[in-house]
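S.K.: Got a structure here, written out as structure tokens. Questions coming.
The values are calculated or read from the model by the stated rules, or taken from the named source; none is laboratory data. Bear in mind that the values here come from a model prediction, so they are computed numbers and not experimental data. Quick reminder, even Gly has a Cβ in these numbers, built from the backbone with ideal geometry, and neighbours come from all protein chains shown.
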Amino acid sequence: MADKNVIDTTLERETKQYIVVNIGNEQYGIDIGFVDNIVRMQKITRVPKAQSYFKGIINLRGEIVPVMSIRKKMGLEDDVITDASRIIILKIEEKGLLGIMVDEVCEVVTLNVDEIDKSAINTNSAKDNFINGIGKNGESLISLFEINSIIEEKESNS
């Protein structure tokens, strides 16, 4: 009986769920544990003298939430807002809520630890500093965001 419990907890740790989003032509995964909400694009109020990737703030059911552009943060071209564009509201411990703009939300996938390759990461570009692994979902490859790096970087540049 003790062995069965050990196996059960091991299996739980070996899988993780990610929300798969499109940014440009690439797919990225966001750990579902950080996701508080996904909302349609709405009016973003600019904040003077903010970093170029900081788009402004939104009012989400009475709460003010800062919104940033992942595209700009990674050094990609500016966001193109379409009907598929979404703001993913992340819940960050000690920092509260933060919205990130994505081109499209695709699906939720569950990846096993053996489907995540951490050795394929090249940290030479700004974009790669925010990626902590590559997930293999069938034939698709999904770059997995390191949410804490995105947040820490944001804080250190302010």
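S.K.: If a residue must be out of contact with any helix residue (DSSP H, G or I) (no Cβ under 6 Å at 6 or more places or on another chain) and either among the charged types (D, E, K, R) or within 22 Å of Ser140 (Cβ to Cβ) (or both), how many such residues does segment 81-100 contain?
M.R.: 10
S.K.: With the requirement that a residue be assigned to a helix (DSSP H, G or I) and touching a residue at least 60 places away in the same chain (Cβ under 8 Å), what does segment 105-117 give you?
M.R.: Val113, Asp114
S.K.: Determine if segment 45-56 includes at least one residue that is farther than 21 Å from Val109 by Cα, at pLDDT 95 or above and hydrophobic (A, V, I, L, M, F, W, C).
M.R.: no
S.K.: Against the definition (more than 14 Å from the chain's Cα centre (by Cα) and without any contact (Cβ under 8 Å) to a residue 40 or more places away in the chain), how does Asp83 come out, yes or no?
M.R.: Considered against the rule, which asks whether it is more than 14 Å from the chain's Cα centre (by Cα) and without any contact (Cβ under 8 Å) to a residue 40 or more places away in the chain, Asp83 comes out as yes.
S.K.: Given the conditions (1) outside any helix (DSSP H, G or I); (2) within 24 Å of Lys16 (Cα to Cα); (3) at pLDDT below 85, and given that Ile150 satisfies all but one, which numbered condition is not satisfied?
M.R.: Failing condition for Ile150: (1).
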